[in-house]
Amino acid sequence: MNNAELLSSFPIYVGDGLTPWQQAGILAEPGGGKTLEDFRTLSSADPIVRAHYPATADADAVATKRWQKAQRAESQFWRTWRQNTLYKDVSLYDFWLEVVEKTGGPLAPGRTLDVGCGPVSVLNFVRPKGMQPFGLDPLAEVYAREKLIECRDDVRPMPIAGLPAERMPFLDESLDQVICLNVLDHVSDAPRVLAEIHRVLKKDGYLRLYVHTFASWIKRFLFFDTPHTYHWDHEEFKALVEAGGFKIVHELMEPKTFDLPETLLGKLGFFPYWVATKVAYTSYFKVQRV
């Protein structure tokens, strides 16, 4: 590399298991460039390493004002979510087991990416023998430095690359399966994210998805929903996935349940709750790359 060449970099939370990914040579410049070889850390105690690569003109092109606003809302949510009476006693293991079942059954072993993993990834709670997990989340460094990452007691947290999903740091067709749960409606460019997943996933590999979907008529009233950059109905989202080069293997749509505190539910009564469950849904999919 020419000494005058400008470098870009992104953070990777080391977690447990980064070395095998480095040794396999499948970590690449964001968007699918050359294999990454330049990893730097401030000290052995630092939970973050930085991956360096030649700078490109479109390095930050995926960010939009609404996406940046959504990311701020997301980081604030995770800083305080355990203080919320709705979540403080939730069993993440039980929650993720249910989601895995609804997205097509048990997870397979192999190299597995959780896109938009957050600090409480399904792969830190439901991890079959032989799986090599990796996370991708633009807030990875926030989660690591603020000690927000959680995992099952007998599992070590996976590594997480701090990048948006529109530019994934992996070689083409290098992953066995991809997980993307409650994420695509938070990204800046959903078709581009699906294109990146298609690029990094091996032929015939599987992708699992879930998103919150809505009755068509109410979507126009959801402009105030800061954390979400997209609002689809079930069929719209299904068409988006199929247009991205995936075949639907399994799908499930069910009314979204709202966990309301008893005090609030008492004030609202059951009618508004009933209405809410008729316009909001959770859509689950297992799809195959074609």
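So here's what we get for this one:
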| quantity | calculated |
| --- | --- |
| Criterion violated by GLU74 - all others in (1) under 14 Å from the mean Cα position of the chain (by Cα); (2) under 26 Å from LYS202 (Cα atoms); (3) among the charged types (D, E, K, R) satisfied | (2) |
| Enumeration of residues in segment 93-144 that are surrounded by fewer than 16 Cβ atoms within 10 Å (Cβ to Cβ) and closer than 23 Å to ALA73 by Cβ | PHE95 |
| Residue list for segment 171-185, restricted to those being in contact with a Lys or Arg (Cβ under 8 Å, 6 or more places away or on another chain), more than 28 Å from THR213 (Cβ to Cβ) and touching a residue at least 40 places away in the same chain (Cβ under 8 Å) | ASP172, SER174 |
| Any hit, segment 133-151, residues being over 19 Å from PRO30 (Cβ atoms) and free of Cβ contacts under 8 Å to residues at least 24 places away in the same chain | yes |
| GLY32 modelled with pLDDT under 95 and either assigned to a loop (DSSP other than H, G, I, E, B) or surrounded by 15 or more Cβ atoms within 10 Å (Cβ to Cβ) (or both) | yes |
| Test set (1) farther than 26 Å from MET253 by Cβ; (2) part of a helix (DSSP H, G or I) - SER44 fails condition number | (2) |
| Verdict on ALA165 being among the hydrophobic types (A, V, I, L, M, F, W, C), in contact (Cβ under 8 Å) with a residue 60 or more places away in the chain and farther than 24 Å from PRO106 by Cα | no |
| Pick from segment 211-241, criterion at pLDDT below 60 and not basic (Lys, Arg), ranking: farthest from CYS180 (Cα to Cα) | PHE221 |
| Unique residue being surrounded by fewer than 16 Cβ atoms within 10 Å (Cβ to Cβ) and either at negative phi or modelled with pLDDT under 95 (or both) when the list is ARG156, ARG167 | ARG156 |
| Residue match in segment 80-100 (condition: of a type in the set (Lys, Arg) and touching a residue at least 24 places away in the same chain (Cβ under 8 Å)) | no |
| Hits in segment 103-145 - residues which are farther than 26 Å from MET253 by Cβ, in a strand (DSSP E or B) and touching a Cys at 6+ places or on another chain (Cβ under 6 Å) | GLY135 |
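The values are calculated or read from the model by the stated rules, or taken from the named source; none is laboratory data. Everything numeric here is computed off the predicted structure, so don't read it as measured data. Neighbour counts are summed over all protein chains in view; Cβ atoms, including those assigned to glycine, are modelled from backbone coordinates with ideal geometry.
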